[in-house]
Amino acid sequence: MTVKAVIFDIDGTLVDSVDLHAKAWQDAFAHFGVKLTFEAIRNQIGKGGDELVPTFLNKKQNEKFGEEIQEWRGQHFKNTYMGSVRAFHDSHRLLESVKKRGKLLAAGSSAKQDELDYYMDLLRAKDLFDVTTSADDVDRSKPNPDIFEVALTKLNSTPNDTVVVGDSPYDAEAAQKIGLPTIGMLCGGFPEEWLRNAGAIKIYKSPTELLEKIDGSPICAKEAKN
C-alpha cells in the first residue's frame, strides 16, 4: 500500500537535543536531591516527563515532587539549554523532499508545545507540517501510543497508510502498539539493536542518509506495508 502520511518525531530525529535534554533532567533531579548518572537518564530520553520521572522515583517521591520536577526541568531547559539545540544537517531538505512527494507531514513529539514551536522555527518547517501533536495534546506520552493516535486523527489517516520516523526505541514501541511501522534514525544516539528490538523496520544514520535514499525508503516504496 502507498504511504499517505509521515509522522516525524522531532527531538533526536530532526534536531540535536538528546544530550541537552539529558543534562537538563540530570540537573532537575539533582535540584531535588536525586543523584543520577547522565547515561541512565539519557537512555530514557524520548519519553515524556510523565513516563520518565517515575522511572527514577519511588511512589512516595513521585507523589511528593514528581510534578514539580517536571515543571522545574521545563523552565531550566528553556533557560539554559534550548538555545544550544541545532537542527541536524539536511533536516529541512528532508521534510521538503517528503512534502514534494505528496505526503502529509505530522510532528508527533513528546515535547511540550512551546518547545515544539521553537523547533518548528529552528527547522523552518511551520509551513511544511500539516499537523503537529505534542505532549500537551495527550494525558500519556511515549512509549504510550496516544501522541501517534492523535496525529492519525488529525491527519485523517490510518496505520495502513502512515509511517513514523523516530530516533528512540520509545517511538518504535509506541508506534508498534497501534500497528504503525517505524523508520529508525541513529542520529539520536540510541543503539541500532535497541531500535530494531523495539520494532523499527528500517534504519538510517541521519536525515542526510534518509534524504539520499528517500525513493527506496518505506516512505515511498509501495511495498513498504506488505
Failed item in (1) under 18 Å from the mean Cα position of the chain (by Cα); (2) in the same structural domain as Ala28 (by TED's automatic domain parsing), with Phe129 passing the rest: (2)
In this structure, does Lys103 turn out to be among the charged types (D, E, K, R) and either surrounded by fewer than 17 Cβ atoms within 10 Å (Cβ to Cβ) or farther than 25 Å from Glu212 by Cα (or both)? no
Of (1) modelled with pLDDT of 95 or more; (2) surrounded by 20 or more Cβ atoms within 10 Å (Cβ to Cβ), Ser110 fails just (1)
Yes or no: Thr182 at pLDDT 95 or above, crowded, with 21+ Cβ neighbours inside 10 Å and hydroxyl-bearing (Ser, Thr, Tyr)? yes
Please find, among Pro169, Pro218, Pro143, the residue that is in contact with a helix residue (DSSP H, G or I) (Cβ under 9 Å, 6 or more places away or on another chain) and under 21 Å from Gly102 (Cβ atoms). Pro218
So, in segment 207-219, how many residues would count as being surrounded by fewer than 20 Cβ atoms within 10 Å (Cβ to Cβ), in contact (Cβ under 8 Å) with a residue 40 or more places away in the chain and closer than 11 Å to Met185 by Cα? 1
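Restricting to segment 75-97, name every residue that is over 30 Å from Leu210 (Cβ atoms) and either touching a residue at least 40 places away in the same chain (Cβ under 8 Å) or among the acidic types (Asp, Glu) (or both).
The answer is His76, Thr80.
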With respect to Ala135, determine if the residue is over 23 Å from Ile214 (Cβ atoms) and in contact (Cβ under 8 Å) with a residue 60 or more places away in the chain. yes
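The values are calculated or read from the model by the stated rules, or taken from the named source; none is laboratory data. Since we're looking at a predicted model, the values are computed, not measured. Cβ coordinates were reconstructed from backbone atoms using ideal geometry, including for glycine residues, and neighbour counts include every protein chain displayed.
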